[in-house]
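Structure first, then comments.
The values are calculated or read from the model by the stated rules, or taken from the named source; none is laboratory data. As the structure is a computational prediction, the values presented were derived from the model and not from experiment. Every residue, glycine as well, gets a Cβ built from its backbone with ideal geometry; the counts of neighbours run over all protein chains shown.
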Amino acid sequence: MGKIKFGTDGWRAIMAEDFTFANVRIVAQAIADYVLRHHGQGKEVVIGYDNRFFSDRFAVAVAEVLTANGIPVLVPERATPTPVTAYAIKMYGAVGAVMITASHNPPEYNGIKFIPEYAGPALPHITQEIEACVREYEEGKKPVKRIASEEAREKGLWRSIDPKEGYWEHLRRVVDVELIRKATLNIIVDPLYGAGMEYLDGFLKAAGCQVKAIHNCRDPLFGGAMPDPTEKVLGELRQLLKEEGADLGLAMDGDADRFGIVDRDGTCLTPNQVLAILYHHLITYRGWRGPVARTVATTHLLDRIARHHNLEVIETPVGFKYIGQAMMERGAILGGEESGGLSIKGHIPEKDGILATLLIAETVAVHKKSLQEILADLYAEYGFLTSRRLDVHCTQQVKERVLAELRNFSPAAIGGKKVAVELDIDGKKFICEDGSWVLIRPSGTEPLFRIYAEAGSKDDVAALQEDLCRALDLEIPASRTCH
């Protein structure tokens, strides 16, 4: 088995260990084979990259391989968010994009993924086809082609682009900018040293907001933390909000495809809460009608909102590629996942942290309330729910045992609640009669189970998770991740 294996969103690995120039060129050649097989020569491909160490140089390596195969490339002159790279496919009429990023992973990681012509995450059959090509090059059955970047430019196969203004123009059609302008919001933006620098803060300044940006310079070490906009990482943003009395704190991860939202008093909202607020906003303020797409691990508060308005819920496996597919094929007006991914109708089927934060600004401008007040109104109408994720580490032997047991695991009750429905869309999910639920999913890359639960109280959530652990003889960890 080779070292290169695609996960839920491309291939990520530690730089200098597995993520090397040689391996990146192998993946680029496999992508070139895919593009040539499905689109032929002469069709352009966008190449984006984030602010990580050597990301720009890995992008050059990809460009040198693609152009050697007769595929023209469009390369931004600066780090570009993943959603912007994806939108550039549509903007320039390209047949796909390659993005160099490890998203929210630690600084020592980097990654590469292919974004097909529909401008959303590659579906499994596409990545499987690319992986099959990768194996041939890893085994030395075929040579990797490559020309120097200077030669590619001389041949007219390399064009520099700046998609920012075109992306902003699109956002002005998707977000109610005039509403935001009239609200004159005071906002602090934190791109976490990532590729979202100048995109969100620049857009908000142009929309008439008072904006302060922090961590707004390139740092490949991301200030010594993961570029993941969670409560643990956003301490400085939370403190500044309380000190300066701003209306909102808006953050993005390393490639700006995930969002972090902080209320005016420094309270972090979970992605699940944000998704519910925005779905309700689209239905009640914008008057949109249509399904919501969510992953199997995402809040059922979306289900309550949809049911109240006689709308459909589309439940998918974990991975935004499935959300994007539901948006393209089944007309979902909002798609989201508990890990911080979101998109809406009229946008590309790719998660976009910039879009998500702007929609929250629009929502605050409409209601003229804090986010917690908006959330309280939501709970008053649909009922309170809280959710958490438990990461249970184990040995590989234990993981294999539990996976075998799960095939026939069918409890009548969990956490003192009677089980009404069992689902195996992705992992094993048990929905109880009162609407609470618990899900167990194995990690695809390490000996780890993730146990998600949602109920009407934190005690009920803990009971569901702990009872499931006991039933499967898994050690209950001390800490839990709130979503």
- Candidate set from the range 30-81 (those that are acidic (D, E) and out of contact with any Pro (no Cβ under 7 Å at 6 or more places or on another chain)); member that is surrounded by the fewest Cβ atoms within 10 Å (Cβ to Cβ): E77
- Message: For the range 206-215, check the following and say yes or no: at least one residue is over 23 Å from D50 (Cα atoms), outside any strand (DSSP E or B) and aliphatic (A, V, I, L, M).
- Response: yes
- When the range 402-437 is checked residue by residue, the ones that are of a type outside the set (A, V, I, L, M), within 18 Å of D473 (Cβ to Cβ) and touching a residue at least 60 places away in the same chain (Cβ under 8 Å) are E405, F409, P411, G427
- Item | Neighbours by Cβ (under 9 Å, 6+ apart or cross-chain): first from the range 10-32, farther than 18 Å from S103 by Cα; second surrounded by 23 or more Cβ atoms within 10 Å (Cβ to Cβ) and hydroxyl-bearing (S, T, Y) | none
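Table: residues versus (1) closer than 23 Å to I100 by Cβ; (2) not polar (S, T, N, Q).
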{"residue": "M197", "(1), (2)": "yes, yes"}
{"residue": "L200", "(1), (2)": "yes, yes"}
{"residue": "Q210", "(1), (2)": "no, no"}
{"residue": "I214", "(1), (2)": "no, yes"}
{"residue": "E243", "(1), (2)": "no, yes"}
{"residue": "A251", "(1), (2)": "yes, yes"}
{"residue": "G254", "(1), (2)": "yes, yes"}
{"residue": "D257", "(1), (2)": "yes, yes"}
{"residue": "Y279", "(1), (2)": "no, yes"}
- Item | Sole residue being crowded, with 21+ Cβ neighbours inside 10 Å and either modelled with pLDDT of 95 or more or under 20 Å from the mean Cα position of the chain (by Cα) (or both), chosen from W168, W158 | W158
- Task: Keeping to the range 281-306, report how many residues are in a loop (DSSP other than H, G, I, E, B) and out of contact with any Lys or Arg (no Cβ under 8 Å at 6 or more places or on another chain).
- Result: 7
- Note on the structure: Result of the Cβ filter at 7 Å on the range 129-152, keeping first residues that are farther than 19 Å from I71 by Cα and partners that are of a type outside the set (D, E, K, R) and surrounded by 12 or more Cβ atoms within 10 Å (Cβ to Cβ), at least 6 apart or interchain, is E131/F6; R135/G2; E138/G2; E138/I4; E138/I26
- Task: Please find, among L200, L185, the residue that is closer than 27 Å to D253 by Cα and under 23 Å from the mean Cα position of the chain (by Cα).
- Result: L200
- Are any residues in the range 153-191 within 14 Å of P72 (Cα to Cα) and touching a residue at least 24 places away in the same chain (Cβ under 8 Å), and if so, which ones? K155, G156, L157, W158, R159, S160, I161
- Note on the structure: Filtering the range 399-422 for residues that are of a type in the set (A, V, I, L, M, F, W, C) and closer than 17 Å to Q465 by Cβ leaves a count of 6
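Residue-by-condition table, conditions (1) within 27 Å of Y167 (Cα to Cα); (2) among the aliphatic types (A, V, I, L, M); (3) under 20 Å from the mean Cα position of the chain (by Cα); (4) in a loop (DSSP other than H, G, I, E, B):
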site	(1), (2), (3), (4)
M226	yes, yes, yes, yes
E243	no, no, no, no
A251	yes, yes, yes, no
G260	yes, no, yes, no
- Just give me the residues in the range 108-126 being touching a residue at least 12 places away in the same chain (Cβ under 8 Å), in a helix (DSSP H, G or I) and either surrounded by 24 or more Cβ atoms within 10 Å (Cβ to Cβ) or not β-branched (V, I, T) (or both), in sequence order. P124
- Message: Can you report the number of residues in the range 239-250 which are surrounded by 19 or more Cβ atoms within 10 Å (Cβ to Cβ) and more than 16 Å from N216 (Cα to Cα)?
- Response: 4
